[in-house]
Structure formats: C-alpha cells, structure tokens
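Please read the structure below before turning to the comments.
Bear in mind that the values in this text are calculations on the coordinates, not laboratory data. Just so we're clear, the structure is a prediction, and the values are computed from it rather than from any experiment. Counting neighbours? That spans all protein chains shown, and the Cβs are built from the backbone with ideal geometry, glycine included.
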Amino acid sequence: MAAPQGSFSSYGGKAVAVEVIDRSIEEQTPGVYETIAKLRSPGLYDVVFFTDAPRLSHCFSAEVKSDENYKKQRLVNTYGNVGVDFVDAPKVMLTNMDFNVNIKLTDIKSGERLTGLPDVEIMGMMASTNWHKKMNANEVNDSGSYSVNMNFNKAGIYYLYVQSISQKFTFDNPQYHIIQVFNNPNQDKK
C-alpha cells in the first residue's frame with residue numbers, strides 16, 4: 001500500500017524496502033550501452049535490467065568494492081592527516097584513581113605510525129563545564145605510541161582530546177574518547 005501504516009493492520013507482515021536507482025542507458029558505441037550509478041557502500045547487489053522496447057528484463061548480481069583512495073581522502077577530510085587510536089582506554093573510572101591514557105598516532109594517508117613527536121598533548125575536559133586539564137604525553141620506545149597518567153577528582157563525564165602542533169593537529173579535531181567518572185566509595189569511609 002502506498003500509504004503510511006498508521007493504524008492499519010499489517011497482518012503480522014514486516015516492512016520490506018527496495019532502493020530503486022533509475023539510470024537511463026545511453027548507447028556509447030554501436031551495440032554498447034552504458035550508465036553510471038554511484039552506490040553508498042560496498043557489498044553484493046542484485047541488479048535488475050529492464051527495457052520497454054523491445055520488452056526485456058534480466059537480473060544479475062554485481063559486487064561493489066570500496067575505493068581505498070577515496071576512503072583515505074574522506075578520512076583526511078574528516079580528521080586531518082593524523083589518526084588517533086585510544087588503546088585500551090577506560091570507559092568508566094572512579095574519582096582520584098590514576099590511570100594511563102595510551103594512544104597510537106598514525107598518518108592516515110600512509111598508515112605509518114608517527115614517531116618522535118615532541119609536542120603530543122592530551123586534554124581531559126569535563127562536560128558542561130569549563131574545567132580542563134592538559135598534560136604532555138611521552139612516547140613509549142619510539143613506537144608511535146604515547147602515554148600519560150591521569151586522574152580526575154570530580155564525578156562526571158570527561159572527554160579526552162589529543163593535540164600535536166607540529167602535525168597541525170589541534171584539540172578541535174573530531175577524534176576523542178569519553179570516560180564516565182563515578183565517586184569512589186572508598187573515599188567516603190575515611
């Protein structure tokens with residue numbers, strides 16, 4: 001039915017949808033017809049070919065592969081040249097408990113780890129406040145992995161951001177990690 005279900009009964013059926021891409025085919029050379037369609041994601045697609053005159057229909061499968069160069073360029077456009085991986089970063093923590101923030105920095109285009117950066121900083125920022133804490137991160141064994149020890153003394157939600165000015169990579173990049181900090185029950189027993 002070409003109407004919203006609303007209060008109509010569907011008799012237990014489930015909605016099923018088909019995305020139709022209408023691309024008229026044009027003759028490129030005698031007997032060779034072609035069209036172009038841009039699909040959002042890779043995968044296996046069922047393609048239905050239909051012509052009215054002469055009446056002809058044909059179905060076949062087509063595998064769409066991702067364009068790695070396009071994917072890398074899209075990542076660069078979104079994140080900049082530096083990729084941040086928060087390694088085993090906690091999602092939940094207690095107040096006044098030390099924990100390590102370990103990150104790996106990579107060049108998004110080449111996939112190479114960024115080693116020897118002298119200016120990697122990690123900032124913890126409490127949500128809905130102006131409170132923040134910046135700390136210099138130290139490289140671990142020239143590996144492109146950087147670490148800093150942190151703790152937070154108030155319960156709340158914290159965002160962790162990374163910056164390296166030498167890489168033109170600032171705290172306003174969209175790569176961050178969220179930690180929810182709860183009051184430490186052992187502190188109340190003093």
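Between ASN184 and SER110, the FRET efficiency estimated from the beta carbon spacing at R0 = 35 angstrom works out to 0.25. Put +1 on the Cβ of every Lys and Arg and -1 on every Asp and Glu Cβ in segment 38-165; which of HIS132, SER145, PRO118 then has its Cα farthest towards the positive end of the dipole? Checked the options; the winner is HIS132. Each Lys and Arg Cβ is given +1 and each Asp and Glu Cβ -1; about its Cα centre, the chain then shows a dipole of about 760 debye. In a simple Cβ point-charge model (Lys, Arg +1; Asp, Glu -1; nothing else charged), segment 80-182 has a dipole of about 300 debye relative to its Cα centre. The distance between label points at ALA53 and ASN96 comes to 8.6 nm (points 7 Å beyond Cα on the Cα→Cβ vector).
Select one label from (1) 9.4; (2) 21.3; (3) 11.3: the one whose number is mean projected area of the Cα convex hull in nm² as derived from the coordinates shown. It is the value labelled (2). The 3J(HN,Hα) values that the Karplus relation (6.51, -1.76, 1.60; θ = phi - 60°) gives for segment 42-59 are, in residue order, x, x, 9, 10, 8, 10, 10, 9, 9, 10, 7, 9, x, 5, 8, 9, 8, 10 Hz. Gly and Pro appear as x. Computed extension length for GLU34-ASN141: 33.0 nm, one decimal, from 0.36 nm per residue of separation with the Cα-Cα distance subtracted. Packing order of peptides 52-59, 148-155, 87-94, 101-108, highest average first: 101-108, 148-155, 87-94, 52-59 (average count of other Cβ atoms within 10 Å over each peptide's residues).
Structural size metrics of segment 91-176, computed from C-alpha coordinates, are Rg and Dmax of 13.4, 40 Å. Cross-link pairs exceeding 29 Å between alpha carbons, from the set LYS71/LYS154; LYS65/LYS168; LYS71/LYS133; LYS109/LYS133; LYS104/LYS134; LYS109/LYS154: LYS71/LYS154; LYS65/LYS168; LYS71/LYS133; LYS109/LYS133; LYS109/LYS154.
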